[in-house]
Each structure stands twice: as structure tokens, then as C-alpha cells.
Amino acid sequence: MKVSISGVRGIYGQDLNLHETSRFAGQFASIIKSGKCIVARDTRPSGRIIAEIVAASLMASGIDVYNLGVAPTPAAFREARRYGAGVIITASHNPLEWNGLKFIIQGRGLFEHELDAMVNGSSEHHNKFGAEYKIASRYVDEVAEIAKGGAKVKVGIDSGGGAACGYGERLFKKLGHQYHSINGVRGVSSRGPDPTTDELADLRALVTANKLDHGFALDLDADRLVVVNNKGEKLSPDATLLLCIARAVEMGMKKFVTSIDTSVAIEKYVQSHKGRVIAHSKVGEANVVSKMLETKAEAGGEGSSAGFIMPGFNMCRDGLLAAATISTLDRKKIDSCLKFASQFVQIRSKITADSALHKKVIEKLTDVFKRDSSSILTEDGVKAIIDEDSWVLVRPSNTEHAIRVSVESKTDNAHSLYKQASEKVQAVYDQVR
């Protein structure tokens, strides 16, 4: 089981069982100040029973539960701003046998000190039980209000049988777009839960066959977005985030925060339009949000997940907001952004590695990468800056037993840089295990 600011994740029936679920929900109740908590889930087979255990444990701790049922993670975050807290039963893009709990306080994910307080807290039952209420979300109307304006376009949406089913269709209808939907039935999908690794053959065919302007694919809880362009090609996550940032710039935003693993193309684009990336955060949604709040940034996100965040609206990665935002860009701007992004290539992969050895590996890699780098950053793993266009980042995964290896460089150098970096990481891991 992985416990981090990203939440709790494990394989249901193995390390994530009902006892552990009840314990974590009870511990989370101990840090809820409002006495109210949203509960939502994605469409994983284990989601319903876990949601029932979470709701019962919260109520046993005196917390009133406001149940959204199946709902996208961004919808739950948006509603949690009104109620003070939330729990989402999801493992995001992980395989279907996984599930987990994502915690929300004051409209955002837990910061590290809050996670520590929760994990070290006790689960207490009260004489007074909380009540449960079924509620509906206003999220679609609110996204449509933010994204209104711009040309009317033709889009395809692939919800992957996940929590966005119905939400995406209603959103694009409100925006006045023509839309085609596939994998729009909850729990039924022709593809896997992670659109970033799937070929998205059905969506790509839908786009080209119907001459659509965009195709949008979401993961099971709809915080991640993958974009297919009008030629039926999948965009990189960094290019997707750049399109969102470009629209934010058009909306007058000037101050941005991006995670340490985000393409340099985004910072260069923002600078060329008289804005600033005022800070880089550690990887992780909560880390980006924390830095945004600290610096009063207006937008930004994670390049590695195309995780667009507009904290004034929602303090989480928001796949549907990103899709709606991109859909309002005109074709000339889109083509210009994609041409700009194409100068750089990002490669992101992972090496299977026991979590217990992550710290030792990272410590040794600092010296290994120093030899060929202009500078080294160690705030989040090891980031080796090679030159103004090239970097290597090695960091332990928060959600898997793996070490993530990411590189960026100009087109003709990225693959050789990745090969060298991954060989160094593997060699160090083999030494310490």
C-alpha cells in the first residue's frame, strides 16, 4: 500500500482491505473541522463497497456525509470547497484491481503536515452519529461559465467508462459544441483506465472519421486528460498543458507555477507573452497547489500528467476544465502552440524498484549526475540541469513501487539522454539491492 499526499492506494482485497479503509476514514475524520464531508467514487468494481465503508466510518465519527455517488474527482473537489472536506474513492489511472482514498481539506489535497496528523491520529467513535445526504453537483454549470466564449467546435469525448460519463457530454452541450461520445457507459470501456498509455484507437478513428477538431480522453476519475488533435494524433502531456496555459494567458493571467518535471517550453512560452513562471514545485498535485497558494499564482500544473490547475476555480488537476479550456482556443493559436512545443521532446518512464530502497538510490545518484550537469536540484529526487533546453529528473514514485526517470531535450538528443540516464539509475539500483 502507498500512503502519500496523493492519498492511499493499494490492491483491493490485499493490502487495501475494508479494515484499513475504515481506519483511514476514521483517522481522516479526526482532522475534519467542519463536521461535514463529501464522498464520491469512480467506477471501479470495488468502489461501491469501499464508499459505503468510508461513509459509515465518517458517520460513526460524528461527521455528516454528503454523497455525490459516482462523480469526477474535480467535481468532488469543487463541492468540497462548500462543505470543508471530502473523500474520493479512486485509484485514478491505476489498473482496475487497485483502489484508494483521496482526501480533501478546504478544497485541496492534504499537505504533508496534514497527512502526518491524519496518519498519526486516532479513529474515535462518538455517541452522536453523523447523517448521510444525497447531493448533486453544480460543477458542469460552473466549468461552462468559466470556459464560455470562443468558436463552436466539434469534439469527441472518451470517458473510458469512468466517472466523467455524462459529465463531459453535458459540459460540451452547454458550451454549444457538437460532440460524439464513446465509452460513455459507466463501467464499460473498450480501453484501459489510463489514457496516457493506451493507443486510444477508437477515439483517434472517431476524430478522423468525423473530421472533429479535438478528441478528449479522460482517466477513470477525470483528473487526467489526453488530447487527440484534428489529425488523430495523441498530444504529449506537456503540449496539452501548454494549450491550457495559452488559453489562461489569453484570459489575462500572468503568474504561473509548474512542477519540476514540466517542459521548459511552457516557461519559455509564458515569458514570450510577458508572463512569469514564478516558481517550480515538487511533483504532486498538492505540492503544486501549495506553491500556487504561497505565491498567489493564477494557473499552472504538472507537465507529466497534463494536470491543469486553476486554483481560483479548483485546487486539483481538472481534466474536464482542461478540455473545455482547450476547446475555446482558435485553430491558429493551437497550431502555433504545438509548433512551439515540438522543438522539445520529453521521455518519461519508470524502473521497477522496491520502495524501501528508493532513498538509497536517490542519494547515490546525486554524485553520479553531478559529473555531466551544470547544476543539481535535490528538492524532489535528483534533477540534473544539462543546459537551458535539457534536463534529467529521477524521483521515487508516490503511488507505485517504481523510480521515475524523466528527461527533456531538443529532438535529436532526447533519446540518447534518456538511455544514458536510465542505465545509470538501473546500475545504482542493482548495487544497493
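Since every read-out is calculated from the coordinates, none of them should be taken as a lab result. Values in this document were obtained by computation on a predicted structure and should not be read as measured data. Please note: Cβ atoms are built from the backbone with ideal geometry, for glycine as well, and neighbour counts cover all protein chains shown.
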Ranking of Y167, Y83 by count of other Cβ atoms within 10 Å, fewest first: Y83, Y167
Per-residue ³J(HN,Hα) for the stretch 331-338, Karplus 6.51 cos²θ - 1.76 cosθ + 1.60, θ = phi - 60°, Hz, x for Gly and Pro: 4, 4, 5, 4, 4, 5, 5, 5
Added length on full extension, which subtracts the Cα-Cα distance from 0.36 nm per residue, D116 to E97: 4.2 nm
Unit charges on C-beta of K, R, D, E only; dipole of the stretch 347-432, Debye: 220 debye
Mean residue ellipticity (222 nm) of the chain, computed from DSSP H runs ≥ 4 via -39,500 (n - 2.57), nearest 500: -11000 deg cm²/dmol
13 Å beta-carbon shell around F103, net charge (K/R +1, D/E -1): -1
Contact order relative to length of the stretch 31-138, as percent, for alpha carbon pairs under 8 angstrom and 6 or more apart: 37 percent
Nonlocal amide H pairs with V185, under 5 Å, H built at 1.01 Å: G161
Dipole of the stretch 157-199, positive direction: furthest Cα of G176, G162, G192, with charges on the beta-carbon: G176
Those trypsin sites (Lys or Arg not before Pro) in the stretch 1-90 that DSSP places in a loop and that have at most 16 other beta carbons within 10 Å: K33
Potential extension, H19-S374 segment - 0.36 nm per residue separation minus Cα distance: 122.8 nm
Selection from M59, A75, V119 lying farthest towards where the dipole of the stretch 2-134 points positive, charges on Cβ: A75
Length gained when the stretch K296-S272 is fully extended (0.36 nm per residue, less Cα-Cα span): 6.6 nm
At 0.890 mPa s and 25 °C, Stokes D of the chain from Kirkwood alpha-carbon radius, µm² per second: 112 µm²/s
In order through the stretch 390-398: 3J(HN,Hα) via Karplus (6.51 cos²θ - 1.76 cosθ + 1.60), integer Hz, x for Gly, Pro: 9, 7, 10, 10, 10, 8, x, 6, 7
Neighbour cut-off at most 15 other Cβ (10 Å), DSSP loop, GluC sites (Glu not before Pro), the stretch 323-398: E379, E388
Cα-centred dipole magnitude for the chain, charges only on beta-carbon of K, R (+1) and D, E (-1), debye, nearest 20: 860 debye
DSSP-defined beta bridges in the chain - what % are antiparallel, rounded to 5: 60 percent
Loop sites in the stretch 271-371: trypsin sites (Lys or Arg not before Pro), DSSP, at most 15 other Cβ within 10 Å: K274, K296, R371
